[in-house]
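The values are calculated or read from the model by the stated rules, or taken from the named source; none is laboratory data. Owing to the predicted nature of the structure, the values given are computational and were not obtained by experimental measurement. With ideal geometry, Cβ positions are generated from the backbone for all residues, glycine too; neighbour counts draw on all protein chains shown.
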Amino acid sequence: MIQWDAATIKQFQDTLLGWYDAHGRALPWRRDHAPYHVWLSEVMLQQTGVQTVIPYYERWLAHWPTLTDLAAADEAAVLKEWAGLGYYSRARNLLKTAQIITQERGGQWPTTAAGLKQLPGIGDYVAGAVASIAFGEPVPAIDGNAYRVFARLLLIDTDIRSGAAQRVFRAAITPLIPQDRPGDFNQAVMDLGSSYMTAKHPDSAHSPVAAFDAAYQQGVTDQYPVKSAKKKPVAKTYTALVLTTPDGQAVWQQRPSRGLLASLWTWPLLTGDQRAATVPELLTQLAAAHAITMASAAVLRDQSVGAGSVTHVFTHQHWTVYLRHLTLAAPTALPANARWLPLAQQTLAEPTLQRKMAAYYNKNKTD
DNA sequence: AATCCGTGGGT
DNA sequence: TACCCAAGGAT
């Protein structure tokens with residue numbers, strides 16, 4: 001690992017900030033440095049691309065313009081607004097933190113990274129980003145960009161997926177932060193990491209900090225950062241039941257409040273490939289899995305949907321979902337975690353998996 | 001420390 | 001197809 005002297009650090013800061021002043025991106029969350037705006041954007045941007053976030057960010061602020069507005073929201077409304085962004089605990093934690101600040105702290109944000117990190121959903125990265133950008137604290141905000149940029153500049157070969165990475169990079173980056181512009185420094189690093197110093201096909205030669213880039217100077221950019229491989233997703237198979245009445249009402253089922261797609265709504269899912277199961281078998285499993293009971297005598301029609309399946313890849317699971325369509329004469333009573341709503345309902349939070357299933361159903365439905 | 005938790009885009 | 005990547009955090 002390379003250590004810079006004080007003069008080099010000053011030159012690096014001036015070069016990086018000069019470039020940022022001239023070429024930094026004009027993003028919606030950079031219109032001001034309000035902690036609500038900085039925090040919301042940083043949470044949305046976790047593991048998520050800028051172009052995906054922008055429309056969600058704008059819609060969110062139209063819905064809840066202030067932290068006080070958000071603190072008064074229902075969790076169901078928050079999840080509905082978040083639906084499609086993924087990692088849904090982020091949305092639940094946004095609401096929790098808004099309530100803590102509004103109701104327990106009199107609307108006052110902690111102004112240090114250490115204080116911010118106590119709040120739900122705020123870890124080392126978001127704490128550093130909000131503390132530096134909104135409150136001017138000279139702390140690093142170490143995200144994937146910072147890992148990549150400084151691994152190359154300083155030839156840091158610590159595996160960025162290892163437990164030691166946070167400590168090693170924090171020690172390396174902290175001395176480089178300018179006391180007067182920590183927020184701009186951290187944002188400049190992010191812009192650098194998403195323009196010249198990208199993961200794939202970097203343009204190190206034209207980077208404004210090429211002169212400080214040891215990996216580029218030595219022709220070893222492709223060796224940094226060191227990042228161990230992920231393991232591949234586990235394959236799982238399910239069968240979704242499209243349970244409708246003749247007038248187009250369908251059974252919607254809310255997933256448990258913890259775990260994958262927590263609290264979101266889908267058509268009821270049974271484990272395994274149930275394309276060959278009989279109607280009584282399907283209903284037995286439906287009762288066991290979701291406490292939804294209905295008599296097989298009430299089923300007017302039993303149809304498979306399409307010849308294939310819906311596939312959806314999560315971080316750790318690769319799902320294959322088959323669809324069965326059962327038509328009932330009339331709605332039956334449902335437990336608290338299920339509802340009769342139109343097939344194309346607009347009121348509940350649906351994950352992308354459900355949107356894919358609905359698209360597949362609409363394309364393949366028989367009548 | 002290792003695992004869980006989404007999604008869309010690129011190659 | 002099967003990877004990898006993108007402004008991580010909680011348990």
Sole exception among (1) in contact with a helix residue (DSSP H, G or I) (Cβ under 7 Å, 6 or more places away or on another chain); (2) under 19 Å from A:Lys117 (Cβ atoms) for A:Glu75, by number: (2)
Which numbered condition A:Ser204 misses (of (1) among the hydroxyl-bearing types (Ser, Thr, Tyr); (2) in contact (Cβ under 8 Å) with a residue 60 or more places away in the chain; (3) in the same structural domain as A:Gln51 (by TED's automatic domain parsing)): (2)
Residue ID - farthest from DNA strand C (Cβ to nearest atom), chosen from residues in segment A:146-158 that are touching a residue at least 60 places away in the same chain (Cβ under 8 Å) and under 23 Å from the mean Cα position of the chain (by Cα): A:Tyr147
Subset of segment A:314-341 (residues that are of a type in the set (Val, Ile, Thr), outside any loop (DSSP other than H, G, I, E, B) and more than 30 Å from A:Pro233 (Cβ to Cβ)): A:Thr327
Identity of the residue in segment A:253-278, more than 24 Å from the chain's Cα centre (by Cα) and part of a strand (DSSP E or B), that ends up surrounded by the most Cβ atoms within 10 Å (Cβ to Cβ): A:Leu270
Residue that is exposed (fewer than 15 other Cβ atoms within 10 Å of the Cβ), within 30 Å of A:Lys230 (Cβ to Cβ) and not acidic (Asp, Glu), where the choices are A:Ala359, A:Ala349, A:Ala297: A:Ala359
First in segment A:35-47 and within 7 Å of DNA strand C (Cβ to nearest atom), second anywhere and outside any loop (DSSP other than H, G, I, E, B) and among the aliphatic types (A, V, I, L, M), Cβ under 6 Å, 6 or more apart: A:Glu42/A:Val126; A:Glu42/A:Ala129; A:Leu45/A:Val53
Pairs, first within 12 Å of DNA strand C (Cβ to nearest atom) in segment A:88-101, second of a type in the set (Asp, Glu), C-beta under 7 Å, six or more apart: A:Arg92/A:Glu75
Cβ pairs under 9 Å, 6+ apart, first in segment A:332-361 and closer than 17 Å to A:Ala77 by Cα, second assigned to a loop (DSSP other than H, G, I, E, B) and among the charged types (D, E, K, R): A:Asn337/A:Arg255; A:Pro351/A:Arg255
Residues satisfying the stated conditions in segment A:117-157, i.e. within 16 Å of DNA strand B (Cβ to nearest atom) and either under 16 Å from A:Gln47 (Cα atoms) or at pLDDT below 95 (or both): A:Gly121, A:Ile122, A:Gly123, A:Asp124, A:Tyr125, A:Val126, A:Ile142, A:Asp143, A:Gly144, A:Asn145, A:Tyr147, A:Arg148
Sole residue being away from DNA strand C (no atom under 15 Å from the Cβ) and under 20 Å from A:Gln13 (Cβ atoms), chosen from A:Ala205, A:Ala188, A:Ala215, A:Ala210: A:Ala210
Among residues of segment A:121-145, those that are touching a residue at least 24 places away in the same chain (Cβ under 8 Å), surrounded by fewer than 24 Cβ atoms within 10 Å (Cβ to Cβ), within 13 Å of DNA strand C (Cβ to nearest atom) and small (Gly, Ala, Ser), counted: 3
Listing of helices (runs of 4 or more DSSP H) fully contained in segment A:1-88 that carry 1 or more residues being in contact with a Gly (Cβ under 9 Å, 6 or more places away or on another chain): A:35-44, A:50-63, A:67-71
